[in-house]
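The values are calculated or read from the model by the stated rules, or taken from the named source; none is laboratory data. A quick note: this is a predicted structure, and the numbers were derived from the prediction, not measured. Here the Cβ positions follow ideal geometry from the backbone for every residue, glycine too, while neighbour counts run over all protein chains shown. For accessibility, only protein heavy atoms count, side chains too; no ligands or nucleic acids. Shrake-Rupley method; radii C 1.70, N 1.55, O 1.52, S 1.80 Å.
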Amino acid sequence: MPAEMAHEMGHGGDDLAAMVRDMRNRFWICLLFTVPIFLYAPMGSFFEPPAPPFGLELNLWLFFLASAAILYPSWPFFVSAWRALRTGTLSMAVLVVLSVGTGYLFSVGSTFFFKAGGQFFEAASVLLVFILLGHWLEMRARAGASSAIKALMNLTPAMASVIRNGAEVEVPTAEVLAGEILVIRPGGKIPVDGTVETGESLVDESMLTGESMPVQKGPGATVIGATINKSGSFQYRATKVGADSALAQIVKLVQEAQNSKAPAQLLADKAAQWLVVAAIVIGLATFAVWFWWIGQPLLFAVTMTITVFVIACPDALGLATPMAVMVSTGLGARNGILFKNASALEDATKLNVIVFDKTGTLTVGQPEVVEIVMADGVTEDVVLTAAAAVEQGSDHPLAQAILRRAANLTVAAPTGFESLDGMGARAETAAGTVFLGNRLLMDTQKLALGRLDAEATRLQGDGRTVVHVSQAGQVIGLIAIADAIRPTSKAAVAKLREGGIEVVMLTGDNAATARRIAADLGIDSVLADVLPGQKAEKVKELQATGKRVGMVGDGVNDAPALTQANVGFAIGAGTDVAMESADVVLMKSDPYDIVAAIALSHATLRKMHQNLWWAVGYNVIAFPLAAGVLYPFVLSPEVAALSMSGSTLIVAANALMLKRTKLAGA
């Protein structure tokens, strides 16, 4: 109900803290005036109540106190109920108004218009105290579940160092313009998104991605606002500022997910409407039976009716699923798993096929040295040193792969270099002339491969690019380069299959290369030679067989397939296309986060079902008790209010238990 009343209280859904304060204030005002009502009310108490001040009659004094305790504190419920009735719906606010309003109005009539022998000022005000307390605590729980958003919003530094008119100046981060050059020093937070112009450093992106290892950044690299510069200084050009930044998009994404409705919540909303109808019908029937049929006094019949209205307030039912959604999406965000909507949380539990795009998803998406084969008597370091000497200064992807592998070796600059088109390159080094390239280069130079000939054939048969290395007239080794498999890909595939989910690899590679990588990963189903435009069709074909398909891709060329899938998982740190196309964004680019996302979905759905069963079961038992089937044991409205609030708090506490979910690999 708090979400329904956000507008009536004058606060938007994004100002939950203000709503919490508002509900807290209303609770304390109600309690402040309810305490003297409780003391003055004719309770048959253990002590004689004090005389009312100003010579007022007791009922008139109670009227003033109750009006102060009820009218302002309960106003949002009355406005919400009125708006609901105008649209033809029966909201939970309607029940609050029926219970509190009936008791108050009956008491006003008993005080001024007819002498019914009793009043309900005490019951109505005590009831409202419990209702307001329950809603205040519920809103605090909601606000606590949104702590991930608050933490994200507070990450951006207040000030930024910008180059303007040739000088470095400090300006508020909100005033940074796209295209401006910013200066970052060691230990400083990066204010906005951008691209590094000069300098190098290690950047800690764990606050956004959950990845603990700092990321190397150099010219051309992308940096994300709110991440922390760990080592060197650099300058970068702002590319996305304000609402366009990755952080702002992530905050928006999490907020939308927390405010969206899962299918289970739609069911709960429908059940709540029926519960309001049932409460009204049972309440009126309770009054009719006790007053007209059994002949109990009017005060007793009204008491029983109000008790039914109070205990039926389906707050727990309305809270059952949104609390679980808020907690789980917050937990996911803190671990780099962003759900775009609540439906994705529920749909992920129903998947029986996961389709992985290969490049950039199961693999890192760039060439890496995957194997080195040495000639007899030659070490791996000798082969790498010779190859790196030739490749120094080259921007070719294969050269970069070799240089990354040789990063820890001491490599002297060559004294001479010659590029050999279509074959490779030659360089003069202290150890002799080095030829680096393909088989044709070796044949041209009449260099015998010996036993390495069979090894070269084997490596090429596995779909790898083979770089031949010769030094001082001898072939000293082979370097196999391929798109390297991500470290967690194999474990992710194994865990999914262990959970009964079929894993399919989708790739544009030829069948031989695809089968090799699939075999390394433990994947049996391979769809090879698939063009980017055909990926969505392949997903649709799997769905046509009755399977519920999850698609995992990099969010760029896989966008149509991500949209076609029942649940689309985009691997990549928050790219625009990923945000638009996928249902779930995996910020760490870690395939194992698929396992964590599905595990979180299952845990969330369990909490939803537990909460729904509790809320419905509570009302099934509470209705007959409130109606007085165990007479002479009857519930008072105050006890009913406490019971209703307790049920709501149990549901909230159960949802908050999701925070203890262990997301392996997340």
Condition check for Ile517: more than 10 Å from Val355 (Cβ to Cβ), touching a helix residue (DSSP H, G or I) at 6+ places or on another chain (Cβ under 9 Å) and part of a helix (DSSP H, G or I): yes
Residues of the stretch 183-199 satisfying the condition of being open to solvent by less than 40 Å² (accessible area, probe 1.4 Å), more than 24 Å from the chain's Cα centre (by Cα) and within 12 Å of Ile228 (Cβ to Cβ): Ile184, Gly188
Number of positions in the stretch 73-115 that are of a type outside the set (S, T, N, Q), under 23 Å from Ile311 (Cβ atoms) and not in a helix (DSSP H, G or I): 2
Qualifying positions in the stretch 473-496 - under 23 Å from Leu398 (Cα atoms) and aliphatic (A, V, I, L, M): Val475, Ile476, Leu478, Ile479, Ala480, Ile481, Ala482, Ala484, Ile485
Qualifying residue in the stretch 294-304 (condition: of a type in the set (S, T, N, Q), under 30 Å from Leu98 (Cα atoms) and more than 45 Å from the chain's Cα centre (by Cα)): yes
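For the stretch 540-556, does any single residue satisfy the condition of being part of a loop (DSSP other than H, G, I, E, B), within 15 Å of the chain's Cα centre (by Cα) and modelled with pLDDT under 80? Step through it out loud before you land on a result.
Here is the first cut: in the stretch 540-556, the ones part of a loop (DSSP other than H, G, I, E, B) are 545-548, 554-556.
Retained after the next criterion (residues that are within 15 Å of the chain's Cα centre (by Cα)): none.
For the stretch 540-556, residues part of a loop (DSSP other than H, G, I, E, B), within 15 Å of the chain's Cα centre (by Cα) and modelled with pLDDT under 80: absent.
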Selected residue (criterion: modelled with the highest pLDDT) from residues of the stretch 359-386 that are part of a helix (DSSP H, G or I) and within 42 Å of the chain's Cα centre (by Cα): Leu362
Search result, residues across the stretch 376-416 that are closer than 15 Å to Val434 by Cα and hydroxyl-bearing (Ser, Thr, Tyr): Thr385, Thr415
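Results for (1) without any contact (Cβ under 8 Å) to a residue 60 or more places away in the chain; (2) outside any helix (DSSP H, G or I), shown as yes or no for each residue.
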residue: Met442; (1), (2): yes, no
residue: Lys446; (1), (2): yes, yes
residue: Glu455; (1), (2): no, no
residue: Arg458; (1), (2): yes, no
Filter result (crowded, with 24+ Cβ neighbours inside 10 Å, of a type outside the set (Ser, Thr, Tyr) and modelled with pLDDT under 85) within the stretch 578-595: Ala578, Ala582, Asp583, Val585, Met587, Lys588
Enumeration of residues in the stretch 400-434 that are under 52 Å from the mean Cα position of the chain (by Cα), crowded, with 16+ Cβ neighbours inside 10 Å and of a type in the set (Val, Ile, Thr): Ile402, Val411
Count of residues meeting criterion [surrounded by fewer than 22 Cβ atoms within 10 Å (Cβ to Cβ) and over 41 Å from the mean Cα position of the chain (by Cα)] in the stretch 606-634: 6
Cross-chain or 6+ apart pairs with Cβ under 8 Å, the stretch 487-507 first and on the phi > 0 side of the Ramachandran plot, then open to solvent by 20 Å² or more (accessible area, probe 1.4 Å) and polar (S, T, N, Q): Gly500/Asn352
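For the subset of the stretch 86-100 comprising residues that are over 17 Å from Phe300 (Cα atoms) and without any contact (Cβ under 8 Å) to a residue 60 or more places away in the chain, which member is surrounded by the most Cβ atoms within 10 Å (Cβ to Cβ)? Before you say what the answer is, go through the steps one by one.
The first filter runs over the stretch 86-100 and keeps only residues over 17 Å from Phe300 (Cα atoms), leaving 86-97.
From what is left, the residues that are without any contact (Cβ under 8 Å) to a residue 60 or more places away in the chain are 86-88, 97.
Values: Arg86: 8, Thr87: 7, Gly88: 6, Val97: 22.
Checking each candidate, the answer is Val97.
Considering only the stretch 561-577, how many residues are at pLDDT below 80 and either assigned to a loop (DSSP other than H, G, I, E, B) or not hydrophobic (A, V, I, L, M, F, W, C) (or both)?
Looking only at the stretch 561-577, we keep the residues that are at pLDDT below 80, and these are 572-577.
Now drop any that are not either assigned to a loop (DSSP other than H, G, I, E, B) or not hydrophobic (A, V, I, L, M, F, W, C) (or both), which leaves 572-576.
Going through the stretch 561-577 one residue at a time, the tally reaches 5.
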Set Phe417, Phe435: member being modelled with pLDDT of 90 or more and among the hydrophobic types (A, V, I, L, M, F, W, C): Phe435
Every pair of residues 6+ apart whose Cβ atoms lie under 7 Å, when the first sits in the stretch 68-85 and is touching a residue at least 40 places away in the same chain (Cβ under 8 Å) while the second is polar (S, T, N, Q) and in a helix (DSSP H, G or I): Ala69/Thr34; Ala69/Ser125; Ile70/Ser125
Some residue of the stretch 342-350 being open to solvent by 10 Å² or more (accessible area, probe 1.4 Å), in a helix (DSSP H, G or I) and at pLDDT 90 or above: yes
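Please indicate, with yes or no, whether at least one residue in the stretch 479-498 is polar (S, T, N, Q) and open to solvent by less than 10 Å² (accessible area, probe 1.4 Å). Before the answer, list the steps.
In the first step, residues of the stretch 479-498 are kept if they are polar (S, T, N, Q); the result is 488-489.
Next, only the ones that are open to solvent by less than 10 Å² (accessible area, probe 1.4 Å) stay: 489.
Yes, the conditions are met somewhere in the stretch 479-498.
What do you reckon, is Ala324 assigned to a helix (DSSP H, G or I), crowded, with 22+ Cβ neighbours inside 10 Å and at pLDDT below 75? Show your work before the answer.
Values: assigned to a helix (DSSP H, G or I): yes; crowded, with 22+ Cβ neighbours inside 10 Å: yes; at pLDDT below 75: no.
Taking the combined requirement at face value, the residue does not satisfy it.
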